[in-house]
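Here is the structure we will look at, set down as structure tokens.
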Amino acid sequence: MGWFGGGSSSSDDVSGPKDFSSSDESAFSAPIPSQATAPAVGGASSLQQYAAQIQQKALVQGVVSKLTQVAFEKCVKKPDSSLSSAEVKCIHAMTGKYMDGSEFVMGRFAKQQEKSQML
């Protein structure tokens with residue numbers, strides 16, 4: 001029988017104990033997407049770009065985690081299997097306020113950078 005009860009597979013179904021101590025690691029050497037791997041060639045600048053990307057991803061994950069924590073603490077009074085409409089509205093309002101504030105701050109920061117580059 002196949003995985004999850006779907007049809008039968010071919011002669012790959014072998015009953016009995018499996019030996020996972022084989023030194024053949026080719027099954028585990030699938031290529032990793034280029035976004036997840038460090039650049040192999042390109043020198044220090046591409047390595048710096050890669051490091052900056054990783055830092056940016058970590059920053060975004062941290063912000064999302066903090067926003068989730070704050071929204072949950074403020075909006076969810078009594079945890080249940082689903083959110084009430086008031087809780088959903090509260091979470092949407094908090095997220096919207098955060099996004100508006102973030103957009104405002106980023107706009108001001110960009111304007112300051114433009115001014116400093118012109119001088």
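The values are calculated or read from the model by the stated rules, or taken from the named source; none is laboratory data. Remember, it's a predicted structure, so these values are computed and weren't measured experimentally. Neighbour counts are summed over all protein chains in view; Cβ atoms, including those assigned to glycine, are modelled from backbone coordinates with ideal geometry. Quick note on the areas: whole protein, heavy atoms, side chains included, nothing else; ligands and nucleic acids left out. Shrake-Rupley method; radii C 1.70, N 1.55, O 1.52, S 1.80 Å.
Out of the residues in region 81-91 that are open to solvent by 80 Å² or more (accessible area, probe 1.4 Å) and in contact with a helix residue (DSSP H, G or I) (Cβ under 9 Å, 6 or more places away or on another chain), state the one that is farthest from Val63 (Cα to Cα).
Residues of region 81-91 that are open to solvent by 80 Å² or more (accessible area, probe 1.4 Å), as a first pass: 81, 83, 85, 89.
Subset that is in contact with a helix residue (DSSP H, G or I) (Cβ under 9 Å, 6 or more places away or on another chain): 83, 89.
On the way: Leu83: 22, Lys89: 20 Å.
Among those that are open to solvent by 80 Å² or more (accessible area, probe 1.4 Å) and in contact with a helix residue (DSSP H, G or I) (Cβ under 9 Å, 6 or more places away or on another chain), it is Leu83.
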Restricting attention to region 27-40, does a residue exist that is open to solvent by 100 Å² or more (accessible area, probe 1.4 Å), of a type in the set (A, V, I, L, M, F, W, C), in a helix (DSSP H, G or I) and modelled with pLDDT under 90? yes
So which of Met94, Met106 is touching a helix residue (DSSP H, G or I) at 6+ places or on another chain (Cβ under 6 Å), surrounded by 10 or more Cβ atoms within 10 Å (Cβ to Cβ), under 20 Å from Ser65 (Cβ atoms) and not hydroxyl-bearing (Ser, Thr, Tyr)? Met94
